[in-house]
Amino acid sequence: MKVITVHSFKGGTGKTNIIASISFALASAGYKVGVVDSDMAHPSLHIIYGMGNQPPHPTLTEFLLGKCESTEIVHDVSPEYGFKNKLYLIPSNLNEEIITKIVREGFEIGHMFRGLKEIGRKKNLDVLLIDTKPGLDEKTMLFFMMTDALFIVMRNDEADIRGTMELLKIIAHFKVPIKYIIPNMIESSHIENVNNELKKLFKKDDVIIASSLPYSSKLAMEHSPHIDKLFISKYPDDPFSKSILKLRDMTTQKMGI
């Protein structure tokens, strides 16, 4: 099982939408994929998958609190997208009281890692995608130790660029094998220029600048609670969706999966 961690320096980059879209793209290519919502303070992956405001239970949060087994928190969303045993969601709890408890008391990160590895083994996953909490904290950084590839999603603004530069200085200590920077929400007419400028800015950071993901007016109109399915499954011909497929192909080739 290969592990891909999707991270960002700040919120509002579209990170969660990207990880959900990549999971669908991988599953549509025949890979068995697990997706983890590890942002327990602001869980939202279940919403992007069209599951409403409340995630299916039990969740990763209950597992970390010792209330269930790891295999109980895996929810097969494959049938919703025409797959069979290909796409699994591991959500976090949206209950305010439980969120407060897990944030205040914390959890044992090794217990999470062991649980995720057990899920990967029992479900025979090819890829595990981990959606992280934006920014930097101790537990988020520990994900970098177990990842085979790191996707850093960013907007093309000065604050995000500078923050990502600082983030990469810290990530350099973890020896992540493959690191991508994924610029998101870029006007189509600006993509080539943005890609070239970012390659110059990050040329010393041992990262791959993935082709920018274009701004999509249709995607911008998708809002909870009206999301019924993943955007990429409804609008496969949208430029954003096509760019996700290119990112999938580049990633699988680079990682040898």
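Some observations on this one:
- Residue match in the range 206-220 (condition: closer than 30 Å to Gly52 by Cβ, assigned to a loop (DSSP other than H, G, I, E, B) and among the β-branched types (Val, Ile, Thr)): no
- Options Gly50, Gly34; residue that is surrounded by fewer than 23 Cβ atoms within 10 Å (Cβ to Cβ) and either out of contact with any Leu (no Cβ under 8 Å at 6 or more places or on another chain) or assigned to a loop (DSSP other than H, G, I, E, B) (or both): Gly50
- Odd one out for Lys242 among (1) at pLDDT below 95; (2) in a helix (DSSP H, G or I); (3) basic (Lys, Arg): (1)
- Checking each residue in the range 192-205 for being assigned to a helix (DSSP H, G or I) and surrounded by 12 or more Cβ atoms within 10 Å (Cβ to Cβ) picks out Glu192, Asn193, Val194, Asn195, Glu197, Leu198, Lys199, Leu201.
One line per residue, one yes/no per condition, for (1) in contact (Cβ under 8 Å) with a residue 60 or more places away in the chain; (2) outside any helix (DSSP H, G or I); (3) in contact with a Cys (Cβ under 7 Å, 6 or more places away or on another chain):
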{"site": "Leu89", "(1), (2), (3)": "no, yes, no"}
{"site": "Thr100", "(1), (2), (3)": "no, no, no"}
{"site": "Val103", "(1), (2), (3)": "yes, no, no"}
{"site": "Phe107", "(1), (2), (3)": "no, yes, no"}
{"site": "Met112", "(1), (2), (3)": "yes, no, no"}
{"site": "Leu128", "(1), (2), (3)": "yes, yes, no"}
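- Taking the range 167-191 as the range and being closer than 26 Å to Met255 by Cβ and assigned to a helix (DSSP H, G or I) as the test, the residues that pass are Leu167, Leu168, Lys169, Ile170, Ile171, Ala172, His173, Phe174, Ile191.
- Looking only at the range 155-191, and only at residues there that are among the hydroxyl-bearing types (Ser, Thr, Tyr) and in contact with a strand residue (DSSP E or B) (Cβ under 9 Å, 6 or more places away or on another chain), the one that is surrounded by the fewest Cβ atoms within 10 Å (Cβ to Cβ): Ser188
The values are calculated or read from the model by the stated rules, or taken from the named source; none is laboratory data. Just so we're clear, the structure is a prediction, and the values are computed from it rather than from any experiment. Here the Cβ is made from the backbone with ideal geometry for all residues, glycine too, and neighbour counts use every protein chain on show.
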